[in-house]
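Remarks on the structure that follows.
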Amino acid sequence: MPLEDTATPVLRLRRGCPLWPPWARATRTGQLGGQERDPRLAAPSALLLTYLANFIAERVEVASPLNAWKRVVEGLALLDLGVSPYSGAIFHETPLIIYLFHFLIEYAELVFMITDVLTAVALYLAIQDFNKVVFKKQKLLIELDKYAPDVAELIQTPMEMHYIPLKVALFYLLNPYTVMSCVAKSTCAINNSVIAFFILATIKGSAFLSAVFLALATYQSLYPLTLFAPALLYLLQRQFIPIKLKSKSFWLYTMQYASLYLCSLVVIICLSFFLLNSWDFIPSVYGFILSVPDLTPNIGLFWYFFAEMFEHFSLFFVCVFQINVFFYTIPLAIKLKEHPIFFMFVQLAIISIFKSYPTVGDIALYMAFLPVWSHLYRFLRNIFILSCVLIFCSFLFPVLWHLWIYAGSANSNFYYAITLTFNIGQILLVSDYFYAFLRREYYLTHGLHLTRQDGTEAMLVLK
């Protein structure tokens with residue numbers, strides 16, 4: 001009987017067949033030369049590429065129970081058999097995704113490549129428009145003498161801002177995390193694309209499209225709900241509506257945007273119901289995200305903690321962990337109400353760190369925004385150390401996984417230790433940018449050379 005593997009092509013061994021295929025026998029006997037060379041010599045490289053793609057697709061850092069391609073394939077197989085893909089505990093993607101690939105399964109690789117290119121284009125156009133807004137605002141504040149006289153070196157020039165959109169697009173496309181997600185065909189790439197178009201629509205000032213894409217992003221992974229606040233703040237600024245709780249125009253516009261968002265979300269969910277003729281997808285997708293029943297190791301903070309916890313404590317701590325993503329929205333909205341795009345960047349980073357099933361594809365999205373804040377580099381304190389931490393952790397993930405799962409010379413503590421280090425590195429990186437941003441804003445209005453009342457030099461401290 002042949003030995004078959006549905007995941008990776010292997011050499012089929014049959015009774016009466018030689019162990020080595022013809023091209024391998026030729027290699028062993030030294031008969032490869034001139035016209036004796038077999039065109040099937042391309043087979044090893046094809047096998048190597050297939051093995052590499054399958055290896056990346058199986059990595060827990062790249063694919064999660066929510067967005068793994070093999071789970072999408074399982075869902076499609078159930079759908080073709082007339083069985084609800086949500087009848088088991090395998091498929092946890094949204095109905096729109098499974099129906100998308102129901103028609104495009106043969107072009108899956110092309111779909112993911114096009115999705116990443118569209119994401120990069122959307123980010124390019126969004127940052128291009130954002131830079132124009134920043135330059136106009138900066139010019140207005142200079143004319144109104146809102147800046148201190150000695151901060152000319154902190155002002156962004158058009159030449160400095162010219163290549164930032166291109167850098168953002170390249171940072172996303174050439175990021176190894178993005179490439180791995182594309183190779184693994186992780187549906188995280190589609191989530192990133194929806195969020196990128198949401199950001200583009202918001203910066204363009206289209207409240208309707210912003211609400212629609214935000215509803216789509218929320219429908220896909222729930223956590224983008226927290227991006228409602230920065231989007232609303234930016235759109236209020238575009239309409240020159242004061243952000244005051246006593247202002248009627250503030251509440252009127254907020255209700256309009258919230259209504260557009262909720263109506264779009266209801267329409268998308270109802271469309272999903274009509275496609276499946278069932279509400280099974282709600283507990284299978286959103287219940288799965290919130291309750292975290294699958295404790296497969298990943299780069300997040302949930303799996304190890306709940307694997308070691310007593311069952312009767314799990315509900316309380318699941319609530320505590322999930323609140324983390326939403327908890328920071330209000331204080332950040334208060335502190336960064338004048339800077340909603342930076343607020344959006346921080347919120348994207350918080351989502352990628354504290355969501356229940358994160359992957360490296362989530363990290364690639366917020367890291368694409370780092371060139372936007374290149375003017376903050378002079379105020380960053382630990383950027384080199386933190387960059388090294390994130391790079392080394394990325395290389396150590398597969399090493400410690402191999403030692404734990406295959407070699408048996410390590411245990412889950414080793415892998416979770418590198419996961420904690422990786423997430424702490426991300427938290428410190430975002431904190432460093434947050435501190436640098438506030439520091440630059442303070443210097444712009446108070447001057448670079450701060451002095452105490454006694455005339456001595458003062459040091460700026462974040463409290």
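The values are calculated or read from the model by the stated rules, or taken from the named source; none is laboratory data. None of the values given here were measured: they were computed from a predicted structure. Quick reminder, even Gly has a Cβ in these numbers, built from the backbone with ideal geometry, and neighbours come from all protein chains shown. These area figures cover heavy atoms from the full protein model, side chains too; ligands, DNA and RNA do not enter into them. Shrake-Rupley method; radii C 1.70, N 1.55, O 1.52, S 1.80 Å.
Of note:
- Cβ-Cβ contacts under 7 Å between residues 6 or more apart (or on different chains), taken from a first residue in region 344-357 that is under 25 Å from LEU315 (Cα atoms) and of a type in the set (Phe, Trp, Tyr) to a second residue that is open to solvent by 10 Å² or more (accessible area, probe 1.4 Å) and in a helix (DSSP H, G or I), are listed as PHE354/ASN324.
- Residues satisfying the stated conditions in region 294-305, i.e. of a type outside the set (D, E, K, R) and within 24 Å of ILE56 (Cα to Cα): LEU295, THR296, PRO297, ASN298, ILE299, GLY300, LEU301, PHE302, TRP303, TYR304
- When PHE281, PHE250 are screened for being open to solvent by less than 50 Å² (accessible area, probe 1.4 Å) and under 16 Å from LEU66 (Cβ atoms), only PHE281 passes.
- Reported count of residues in region 224-241, each being open to solvent by 60 Å² or more (accessible area, probe 1.4 Å) and either over 15 Å from THR202 (Cβ atoms) or among the hydroxyl-bearing types (Ser, Thr, Tyr) (or both), is 1.
- Of everything listed in (1) under 25 Å from the mean Cα position of the chain (by Cα); (2) open to solvent by 30 Å² or more (accessible area, probe 1.4 Å), the single unmet condition for LYS137 is (1).
- Region 416-437 - residue that is surrounded by 19 or more Cβ atoms within 10 Å (Cβ to Cβ) and hydroxyl-bearing (Ser, Thr, Tyr) and, of those, nearest to SER394 (Cα to Cα): THR419
- Residues (within 17 Å of TRP279 (Cβ to Cβ), buried (at least 16 other Cβ atoms within 10 Å of the Cβ) and without any contact (Cβ under 8 Å) to a residue 40 or more places away in the chain) located in region 79-123: LEU79, PRO85, ILE98
- Condition met for LEU444 (more than 29 Å from LEU174 (Cβ to Cβ), open to solvent by less than 20 Å² (accessible area, probe 1.4 Å) and of a type in the set (A, V, I, L, M)): yes
- Within the option set LEU200, LEU216, being farther than 25 Å from VAL134 by Cα, modelled with pLDDT of 95 or more and either of a type outside the set (Val, Ile, Thr) or open to solvent by 20 Å² or more (accessible area, probe 1.4 Å) (or both) holds for one residue only, LEU216.
- Among the helices (runs of 4 or more DSSP H) confined to region 125-242, the ones with at least 2 residues that are touching a residue at least 40 places away in the same chain (Cβ under 8 Å) are located at 164-173, 176-183, 188-204, 207-221, 228-238.
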